[in-house]
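See below for the structure under consideration.
The values are calculated or read from the model by the stated rules, or taken from the named source; none is laboratory data. Bear in mind the structure is a predicted one, so any value in this text is a computation, not a measurement. FYI the Cβ positions are ideal-geometry reconstructions off the backbone, even for glycines, and counts take in every protein chain you see. Quick note on the areas: whole protein, heavy atoms, side chains included, nothing else; ligands and nucleic acids left out. Shrake-Rupley method; radii C 1.70, N 1.55, O 1.52, S 1.80 Å.
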There are 2 protein chains.
Amino acid sequence: MPSVHVERHLFVVFGATGDLAGRMLLPSLREVASQLPRRPPTLRVLGCGRRPLTDREFQDEVIAWWKKDRVTPLAPAIAWARANLAYQSLGDEGPDDFRKLGARMAEIEKENRLPGNRIFYLALPSQAFPKTIRGIGEAGLHRSAGWTRLVVEKPFGTNLASAHELNEIVHTYFDERRVYRIDHYLGKETVQNLLVFRLANMFFESVWSRECIDFVEITVAEQLGVEQRGDYYDRAGALRDMVQNHLTQLLTLTGMDEPANLEADEVRNEKVKVLRSVEPIRPEDVVRGQYRAGRIGGRRVPAYRDEAGVARRSETETFVALRLRVNSWRWQGVPFFLRTGKCLPKKRTEIVIHFRSPPVWFFGEAIPRNIAANRLTIVLQPDEGFELAFEIKNPGLGVELSTHRLHFLYSEAFGPLPEAYHTLLTDVMRGDQTLFVRADEVEDSWRMYEPILRHPPRIRPYAAGSWGPKEAEELVRSVGYEWSSL
Amino acid sequence: MPSVHVERHLFVVFGATGDLAGRMLLPSLREVASQLPRRPPTLRVLGCGRRPLTDREFQDEVIAWWKKDRVTPLAPAIAWARANLAYQSLGDEGPDDFRKLGARMAEIEKENRLPGNRIFYLALPSQAFPKTIRGIGEAGLHRSAGWTRLVVEKPFGTNLASAHELNEIVHTYFDERRVYRIDHYLGKETVQNLLVFRLANMFFESVWSRECIDFVEITVAEQLGVEQRGDYYDRAGALRDMVQNHLTQLLTLTGMDEPANLEADEVRNEKVKVLRSVEPIRPEDVVRGQYRAGRIGGRRVPAYRDEAGVARRSETETFVALRLRVNSWRWQGVPFFLRTGKCLPKKRTEIVIHFRSPPVWFFGEAIPRNIAANRLTIVLQPDEGFELAFEIKNPGLGVELSTHRLHFLYSEAFGPLPEAYHTLLTDVMRGDQTLFVRADEVEDSWRMYEPILRHPPRIRPYAAGSWGPKEAEELVRSVGYEWSSL
């Protein structure tokens, strides 16, 4: 791990007593902190929540999470929590509450001689964003002797209008250069590597266009159902929960032109350019699905409509398949197929680049040409890495071909990869926005899906444990392709 | 193994009592025969040599070779030899000897009801080719009720004039479509696969040109010295023994344009086109070397000039490095570096395709751009397969790259590969000339090397066990490259 320069700061977590904060954010935060200078400490953490808790009580709750999740080694984790976690109740988030928060922040900064650098991390449901951001702003907490940064988790808005409105609120207090919209997928090593993979390897980058590529598949398959999140999910659906953010990020990283350099804004400019090149989505390019009861592995899964928190006659989609036309110089005529769903047969996130088949085929009818087309598969989950499928001649007389795959697994080359959060938190602390979603990016992404959000095509049922409704298969087959078997 | 249709024939081996025939040709021949229909037998073998031997004595000699070489399983091999091997002495190869041979052939054909199909295989030193071919021709053995084919081993001539003369003699009796000039390397699965690799995989074929490729290396490294062949070798040298045939074949297979189809002549047309595109070789493009005493592994190796059969002041090269300019639409500006040598540190035959480095480099000075260039290595010996070297991002913060390799080994995918001879013999029997060298191909290849043969640059010494004279390194370094470490 290269040493990283992080300026001393106060890290304020809103929603600190929630699930996300306790189980994901705080453990990562501690891990990042453990790799930074400790005397004087690089960062102090101030948790905020509705409930009135003392610092000690908050620490107890956090430590209880960690014990439950079997964080190891536990002893130094506890020591860190005791030494670094403070808590401030925000009650109903009235102006007074934010003033008190300001006073507490100033106090911690003074005690620890922090220079006024502040990170505000919103580990909150998105409905709570506007009120909290306004609270921070109205109390002037975003102004200090140092820098201040705002971190928000997805979802950022629920459509173009709400995202735009939220951006307006954010920008009232935080310049875009201080805003960090997190998309977990972007913390993944493989996604970062996708940039390097393309830009450091002429071999791949020189075939990265309509000249050589036939079509592209992007799949984020989940095996789980809605679990405890039925209430949230039923208001969101797969398009908002997965497609607008994760799959769209993978689309832009795959489809972008080479940036002028690797500065955050140059990279994001190119990503936005992809979004602006996507032709308006037509109804026939969309398949929305919803799972019915079924079996995954040996386990029986109830129908979506029977899940806790879900409306009995819900029309929310748990599956989306899309055909996108990217009308750019690079991609014109190359369909991008996106799909995501819950209760699919396995957990797998991958990008499959299908290369064109040879223009002349010498190897007979026995091997259909489209089978012989080369494929590059970039796997993000569960085993990050990639595979290159190609044809070789079988030994012996005659020319019989077979398909073989070259595999590369990051974990085989490097051992376990750092947790996604880890990288993202460090980037926030260093002020590197490359992996975060910019305001125009999030709005352009919502704009892209407006036609579906406004006129959602009817829901197609699929059995839990299947690969989605048959209409999704037809979407791809209609242009002569098939989804890759995963 | 797909079933192969081979017409029943008589296989006549000239030089049948020699080393090559006993240890290489006859075992392969038996193996091929064992996979063809046996009743009635697809082929009978008639060995010819100077010495007077009975069939039984000849069989005994062959069986003795096999015992020495631990051919397994031995029992069926012996049974096959007893049942299928006949012998006919050719004495001094006078007209009478060939008449007797003709009578014996007719007799065997009649006995076995063979339809007159004949393969003449010249397992002879090349000086003996003209006399033997004339003998066959003058006795009219090349005319029969069936087809007749002539197989010759390398070397085919010792320069353009002698190759041309030899072709004239051959063509007096054998139409080019009945001539099979063997180059062992062309029997290798990997070389055949090179064609398939390129033509069945758009991924590779679409980067196969000056647009994406920086330079190409072709190396045939031998660890052995001249062994028992000092006398032959000192008259030949590396250029005649290896470059004009093996390395040139690899050059043409790598450099050829896509053929119209996979018919033998279409493929060979494209190979010849490469040879005709090579710019005349200049003196500064050639390094000739000769090994001095040294060590390979732990073993002491004498100087070439101290080997048995070698002239004490020999100027014969045991090492050649070349820079070729292929002035074609596809390759203009892409140097092809060829090298071969005896007493090098290891046995290895490979083609390395060096792709261009990225036109813009985002990843800092720490990783020199030319190091990061992608390489495709096609390995022919000792472990046939290929490797693709590419850059990926190391996990963790910052953008540090490292080079990784994807490996493909034929033996891992398929188990042991068939012996080179096996494929070639079967191709002769089936009448497939694709892997054999055509008359114009062999002449154009000699023509290419005429400048060196006529005005050989002076010999540079190198220590046995090194990678050749330092001038070979400079050849590549002068254009900013280095030979790949093997």
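Interface size between chain B and chain A, please: total buried accessible area, 1.4 Å probe, rounded to the nearest 100 Å². Write out the running numbers ahead of the final one.
Details: alone 22070 and 22110 Å², together 39250 Å².
Approximately 4900 Å², summed over both chains.
Over every pair of different alpha-carbon atoms in segment A:330-438, take the mean of 1/r and invert it; report that Kirkwood radius in Å. Numbers along the way, then the final one.
Working: mean 1/r = 0.0567 Å⁻¹.
With all distinct Cα pairs of segment A:330-438 included, I get 17.6 Å.
Show me the ranking of peptides A:71-77, A:237-243 by mean Cβ neighbours inside 10 Å, starting with the highest.
A:237-243, A:71-77
To the nearest 0.05, what FRET efficiency results for B:W147 and B:R50 with a Förster distance of 25 Å applied to their C-beta separation? Display every interim value, and only then the final one.
Working: r = 28 Å, r/R0 = 1.11.
In this case the efficiency is close to 0.35.
For segment A:9-153, what is one quarter of the convex hull surface built on the Cα atoms, given in nm²?
7.9
How large is the dipole of the protein assembly as shown about the Cα centre if only Lys and Arg carry +1 and Asp and Glu carry -1, each at its Cβ, rounded to the nearest 20 debye? List each step's numbers first, then the result.
On the way: 134 positive and 130 negative charges, 307 e Å.
Charge dipole, the protein assembly as shown, about its Cα centre: 1480 debye, nearest 20.
Average partner chain C-beta neighbours within 10 Å, per residue of A:190-199?
Taking the mean over all residues of the peptide, I get 4.
With just the Cα atoms of chain B, tell me how far they stretch along each of the three principal axes, in Å, largest first.
79, 52, 43
Could you identify the residue of B sitting closest to the B-A rotation axis by Cβ and state that distance rounded to whole angstrom?
B:L406, 2
Nearest 500 deg cm²/dmol is fine: what mean residue ellipticity at 222 nm does chain B get from its DSSP H runs of n ≥ 4 alone, each adding -39,500 (n - 2.57), divided by its residue count? Don't skip to the end; give the middle numbers.
Values: 15 runs with 160 residues, N = 486.
Value at 222 nm, helices only: -10000 deg cm²/dmol.
Kindly give the distances from A:S411 to its copy-mates, label point to label point, with each label point 7 Å from Cα along Cα→Cβ, as nm values to one decimal ordered shortest first.
Distances to the matching label points in the other copies: 3.0 nm.
In percent, what relative contact order does segment A:1-140 have, based on Cα pairs under 8 Å that are 6 or more apart in sequence?
Values: 182 pairs, mean separation 49.1, N = 140.
Rounded, it is 35 percent for segment A:1-140.
How do A:295-304, B:203-212, B:384-393 rank on mean C-beta neighbours within 10 Å, highest first?
Details: A:295-304: 15.2, B:203-212: 18.3, B:384-393: 21.6.
So the peptides A:295-304, B:203-212, B:384-393, ranked by packing, come out B:384-393, B:203-212, A:295-304.
Averaged per residue, what accessible area in Å² does the protein assembly as shown show with a 1.4 Å probe, protein chains only?
Accessible area per residue: 40 Å².
Compute the relative contact order of chain B as a whole-number percentage, counting only Cα pairs closer than 8 Å that sit 6 or more residues apart in sequence.
This gives 17 percent for chain B.
Under a Cβ-Cβ cut-off of 13 Å, what is the net charge of the residues other than B:A79 that fall near it, where Lys and Arg count +1 and Asp and Glu count -1?
Local charge sum for B:A79: +3.
Shortest first, in nm, what separates the label point of A:P359 from those of the same position in the other copies (7 Å along Cα→Cβ)?
Copy-to-copy label distances for A:P359: 2.1 nm.
For the residue pair A:R210 and A:L409, what label-to-label distance in nm results when each label sits 7 Å from Cα along the Cα-to-beta-carbon direction?
That separation, rounded to one decimal, is 3.9 nm.
Taking each residue in A:203-215, count the Cβ atoms of any other chain within 10 Å of its Cβ, then average. What number comes out?
4
Report the full-extension gain for the segment B:E419 to B:R113: residue separation times 0.36 nm, less the Cα-Cα distance, to one decimal in nm.
On the way: separation 306, 0.36 × 306 = 110.16 nm, distance 3.03 nm.
Fully extending the segment from B:E419 to B:R113 adds 107.1 nm.
Treat each spin label as a single point 7 Å out from the Cα along the C-beta direction, and report the B:S162 to B:N261 distance in nm.
3.9
As an exercise, identify the GluC sites (Glu not before Pro) in segment A:50-112 lying in DSSP coil whose Cβ has no more than 12 other Cβ atoms within 10 Å.
Here no loop site has a sparse enough neighbourhood.
Using a Förster distance of 56 Å, how high is the FRET efficiency between B:R235 and A:E473, based on the Cβ-Cβ distance and rounded to 0.05?
So the FRET efficiency works out to roughly 0.20.
Relative to the isolated chain, which residues of segment B:2-23 have their accessible area cut by 10 Å² or more in the presence of all protein chains (1.4 Å probe, heavy atoms, no ligands or nucleic acids)?
B:P2, B:V4
Calculate the mean, over all residues of peptide A:399-408, of how many other protein chain Cβ atoms lie within 10 angstrom of the residue's Cβ.
The mean count of partner-chain Cβ atoms within 10 Å per residue comes to 4.
Whenever you get a sec, compute what percent of the accessible area on segment B:402-469 sits on carbon and sulfur atoms (1.4 Å probe).
C and S fraction of accessible area: 51 percent.
Label-point separation (nm) for A:D60 and A:E482, each offset 7 Å from Cα along Cα-to-Cβ?
Simple spin-label model gives 6.0 nm for this pair.
Can you list, shortest first in nanometers, how far B:T54 lies from the same residue in the other copies, with each label 7 Å from Cα toward Cβ?
11.4
Suppose accessible area is computed on protein heavy atoms with a 1.4 Å probe; arrange A:H246, B:H171 from highest to lowest.
The most accessible residue leads, giving B:H171, A:H246.
Give the average over all directions of the projected area of the C-alpha convex hull of the protein assembly as shown, one decimal, in nm².
Averaging across all directions leaves 46.3 nm² for the Cα convex hull.
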